[in-house]
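Since the structure comes first, as structure tokens, the remarks are kept for the end.
The numbers here are math on the coordinates, done by the rules we state, and not lab data. Keep in mind that what you see is a predicted model, and the values were worked out from it rather than measured. No Cβ is skipped: glycine too gets one built from the backbone with ideal geometry, and neighbour counts run over all protein chains shown.
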């Protein structure tokens, strides 16, 4: 029993040996910090941040709503952060196509490291809406305010034709 008591007391921390406590995760944390501080990883993380900061609609499309009032069709597209000159409307037959294109050139120059970098970004997205009749493009009105594109297309009544006996 006495030998067990001395063995237990030798396992307890003493003030002499306790001046530097080993931290079991210190090396892991240091390695992770070094990993995230490296340029390729930092650049990758920055590109992810830039992706989520970009207000431009993604290639999957943008929200579009079509409402029929009886007198006209109102097509509304949500395009937050898009400039008016990036929007193009195209009418062909009974189809209205809304296209949005963003072209950006980013240049970065560092004279100390002699690194010159150019990036060209091109993002394009479009939606096509089909109406039940051929559209007279001269009667279409479009407006763009506060990230909301609104297209008004009057409903054209066809001519009634009498059926002879």
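Gain in length, residue 128 to residue 106, computed as 0.36 nm per residue apart minus the alpha-carbon separation, to one decimal in nm?
Details: separation 22, 0.36 × 22 = 7.92 nm, distance 3.07 nm.
The span from residue 128 to residue 106 would gain 4.9 nm if fully extended.
Distance from the Cα centroid of segment 59-78 to that of segment 94-118 is 30 Å (rounded to whole angstrom). Per-residue Cβ neighbour counts within 10 Å put 25, 62 in the sequence 25, 62, beginning with the fewest. Rg over Rh for segment 89-160 works out to 1.31, using Cα positions for both radii and the Kirkwood form for Rh.
What order do you get for 151, 129, 163 when you list them from fewest to most C-beta neighbours inside 10 Å?
Details: 151 22, 129 17, 163 5.
Ordered by Cβ neighbours within 10 Å, fewest first: 163, 129, 151.
Label sites at residue 119 and residue 67, each approximated as a point 7 angstrom past Cα along Cα to Cβ, lie 3.9 nm apart. Measuring r between the beta carbons of residue 161 and residue 94 and using R0 = 25 Å, the FRET efficiency lands at 0.75.
Could you work out how much longer the chain between residue 152 and residue 26 gets when fully extended? Use 0.36 nm per residue separation minus the Cα distance between them, nm to one decimal.
On the way: separation 126, 0.36 × 126 = 45.36 nm, distance 6.41 nm.
In short, 38.9 nm is gained.
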